Amino acid sequence: MAANIFRHEFKMHLRSVITWAAAMTALIFLFVSLFSSFAQDAALLNEMLAAFPPELLTAFGMTGVDLATMLGYFSFAFLFVQLCLAIQAASYGFSLVSVEEREWTADFLLAKPVGRTEILTSKLLAALSGLLITDIVVWLASVFFINLFKGEATYDSRSLWLLLLSIVPFELFFLSVGLVISLLVKRIRNVTPYAMALGFGMYVLSVFGDMLGESALEKITPFKHFDASYIIAHGAYDLPLALVSVAVIVISLAASYPLYARRDIPAVV
């Protein structure tokens, strides 16, 4: 029965996964294909950026970014990839349980000979499988297009893979937080506003944290936990901040099971 739930949930996500994967591929292609144009006038461009207000550079993740290098340029483009992945993962988290409640099919599912723990686990595995497919596409597209358009430029492949692998815990943060919020809210009629609010909200927090120099805000948002410019500059993760994301993921997932087990599921009257 759990396998049937997994297959059903995965099929529900499949069209969305294909759409997000195609969008990510197009986005990466669009940005990386422009690298040669930026690299030709890199000195002039960096000089122009230095004249911009620091707040504007911070808002677009361009503080300390050298657009003359492939990874420096890609770290700027990667911010937009992160935004899209955050919204995708958050939407999966918010819809994981709420979809049956919204469509009044929850009582039908819970009447089957399967416990709520198995149901939630199957749903999580299906969502994770969909995100993993998107991740693989992002990884392959990034490596392929970077090597296709880098020209004579060189880059540190280890730093690139550290950056690409960071999207796994990054997405898990939004998936798990979206799930636990959906279990705390009485009913979610439309997941899109919630997913966009969580994704953009965390991004805005990271921007304001940089602008205000408020380190407390950095501890909240995964956009700072897995900051692309930091990973490229240091060739490593900011471990204390990365562990904050890991802790939030573990706590959110652990809390989701008892919340779902005790949730009052509306039935069709």
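General observations
- Every residue from the stretch 78-100 that is crowded, with 19+ Cβ neighbours inside 10 Å and either at pLDDT below 85 or in a loop (DSSP other than H, G, I, E, B) (or both): Val97, Ser98, Glu100
- Number of the condition not met by Thr63 [criteria: (1) at pLDDT below 75; (2) part of a helix (DSSP H, G or I); (3) of a type in the set (Ser, Thr, Tyr)]: (2)
- Only one of the numbered conditions (1) modelled with pLDDT under 65; (2) under 25 Å from Tyr203 (Cα atoms) is violated by Ala43, and that is (2).
- Only a single criterion out of (1) at pLDDT 95 or above; (2) surrounded by 20 or more Cβ atoms within 10 Å (Cβ to Cβ) is not satisfied by Pro222, namely (1).
- Taken over the stretch 123-153, the criterion of being β-branched (Val, Ile, Thr) and over 16 Å from Thr19 (Cβ atoms) is satisfied by Val143, Ile146.
- Lone unmet requirement of (1) in contact (Cβ under 8 Å) with a residue 60 or more places away in the chain; (2) farther than 17 Å from Phe78 by Cα; (3) among the aromatic types (Phe, Trp, Tyr) for Phe208: (1)
- Enumerated helices (runs of 4 or more DSSP H) restricted to the stretch 137-239, each holding at least 3 residues that are over 16 Å from the mean Cα position of the chain (by Cα): 157-165, 167-184, 191-212, 215-218, 228-234
The values are calculated or read from the model by the stated rules, or taken from the named source; none is laboratory data. Just so it is clear, the structure is predicted and the values come from calculations on it, not from any experiment. As a convention, Cβ positions derive from the backbone with ideal geometry for all residues, glycine included, and neighbour counts pool all protein chains shown.
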